[in-house]
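Since the structure comes first, as structure tokens, the remarks are kept for the end.
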Amino acid sequence: MGQNQFLSSLTKPPGRPPGKDMVWIPGGTFLMGSDHHYGEEAPAHRVTVDGFWMDQYLVTNTQFQKFIKATGYVTFAERPANPEDYPGARPDMLHPSSCVFVKPDRPIDRGNHYNWWAYIPGANWRHPEGPGSSIKGREHHPVVHVTYEDVTAYANWMGKAIPTEAEWEFAAWGGRQDAEFAWGDELHPKGKMMANTWQGEFPWENLKTDGYERTSPVGVFPANGYGLSDMIGNVWEWTTDWYQEHGQIQKDACCDSLVNPRGGDREASYDPQMPGVKIPRKVIKGGSFLCAPSYCRRYRPPARMAEPLDTSTCHLGFRLIVRP
């Protein structure tokens, strides 16, 4: 199958949607990954997924707040860290905290991401930029500062599931796979903003051509062919797959097409650059409002990154699925 082919079973939905604002994603076969961009996306390989229902929108602050009120759940970023889990950590690093993008006021060295990322005490889903910030006026923005544990708790409460990387990537293409981006070959066709990404010189100059400095309300930008909004940009999205290089996962396949793949192994997901830190990592997808042509061109369906289980940030959220 060539790069431009996208085979879908075009099956009809199996009944009514299992929840509000859920759309049917028909099963099909596609080329997952890419051989033409970042190394972690290669090799492109043939994958088949069964049909499933998917949230049309990212989970919002309002929806997450209902979960918190109903259950009394406390997110990972709102709890102090267990010193036993982080031997040698400074006491001030164990306070309830989360990762926040802090825009520099001038050009800086882009080789060091700590020049724009800060671990801020008091930053969490209620206070996206830390103490003094709030979600007032952002009720319909995607909830952020949620770890995989938090997402799992919400999914269980809703009776839904977190998508696999393959399910997510298949859905993000919206029924096509013949272009650079999910919507075509131009990032901004005829000047139209198709997603909430970064315009300007990252990380110090945000031109806000798309109208937003940080997150945006869900559903503002054009939906894809399946009716899914914000699959690209706004915030990254958790998947259930343990992170592993595509090539390593391929070695275990015996057939021409991987069918409903579930990613790698937990132990294989550790960061090889940090051999002394055994924190498993999951695959996140979709890019965010911080993805820029000048720094991070990950506003494409095949793009992927590894996120430690214990890490929450201001540009990472989620949506859920239901498998029939």
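The values are calculated or read from the model by the stated rules, or taken from the named source; none is laboratory data. It should be emphasised that the depicted structure is a prediction, and the values quoted were computed from it without experimental measurement. Don't worry about glycine lacking a Cβ; one is built from the backbone with ideal geometry, like all the others, and counts go over all protein chains shown. All accessible areas refer to the heavy atoms of the entire protein, side chains included, with ligands and DNA or RNA removed. Shrake-Rupley method; radii C 1.70, N 1.55, O 1.52, S 1.80 Å.
Report, by residue number, each residue of the stretch 192-239 that is open to solvent by 50 Å² or more (accessible area, probe 1.4 Å) and either at pLDDT below 95 or within 28 Å of Asn112 (Cβ to Cβ) (or both).
Correct list: Glu201, Trp204, Glu205, Leu207, Lys208, Thr209, Tyr212, Glu213, Arg214.
Each row is one residue, and each column tells you yes or no for (1) open to solvent by less than 40 Å² (accessible area, probe 1.4 Å); (2) without any contact (Cβ under 8 Å) to a residue 60 or more places away in the chain.
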| residue | (1), (2) |
| --- | --- |
| Lys20 | no, yes |
| His36 | no, yes |
| Ala42 | yes, no |
| Met54 | yes, no |
| Phe64 | yes, no |
| Thr71 | no, no |
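Scan the stretch 299-313 for residues that are more than 10 Å from the chain's Cα centre (by Cα) and either within 20 Å of Ala155 (Cα to Cα) or free of Cβ contacts under 8 Å to residues at least 60 places away in the same chain (or both) and jot them down.
Pro308, Leu309, Asp310, Thr311, Ser312, Thr313
Go through Ala172, Ala179 for me and flag whichever is open to solvent by less than 60 Å² (accessible area, probe 1.4 Å), out of contact with any helix residue (DSSP H, G or I) (no Cβ under 9 Å at 6 or more places or on another chain) and at pLDDT below 95.
On the way: Ala172 fails: at pLDDT below 95.
Ala179 is the lone residue from the list that is open to solvent by less than 60 Å² (accessible area, probe 1.4 Å), out of contact with any helix residue (DSSP H, G or I) (no Cβ under 9 Å at 6 or more places or on another chain) and at pLDDT below 95.
Within the stretch 86-94, is even one residue within 17 Å of Pro308 (Cα to Cα) and modelled with pLDDT of 95 or more?
No, the stretch 86-94 contains no residue that is within 17 Å of Pro308 (Cα to Cα) and modelled with pLDDT of 95 or more.
Among the residues that make up the stretch 23-42, is at least one of them of a type in the set (Asp, Glu), farther than 21 Å from Ser229 by Cα and in a helix (DSSP H, G or I)? Reasoning before the result, please.
So the first thing to find is which residues in the stretch 23-42 are of a type in the set (Asp, Glu), and the list is 35, 40-41.
Pick out the ones that are also farther than 21 Å from Ser229 by Cα and you get 35, 40-41.
Restricting the remaining residues to those that are in a helix (DSSP H, G or I) gives 40-41.
Yes.
When the residues of the stretch 92-147 are narrowed to those that are more than 23 Å from Ser216 (Cα to Cα) and among the acidic types (Asp, Glu), which ends up most open to solvent (accessible area, probe 1.4 Å)?
Asp109
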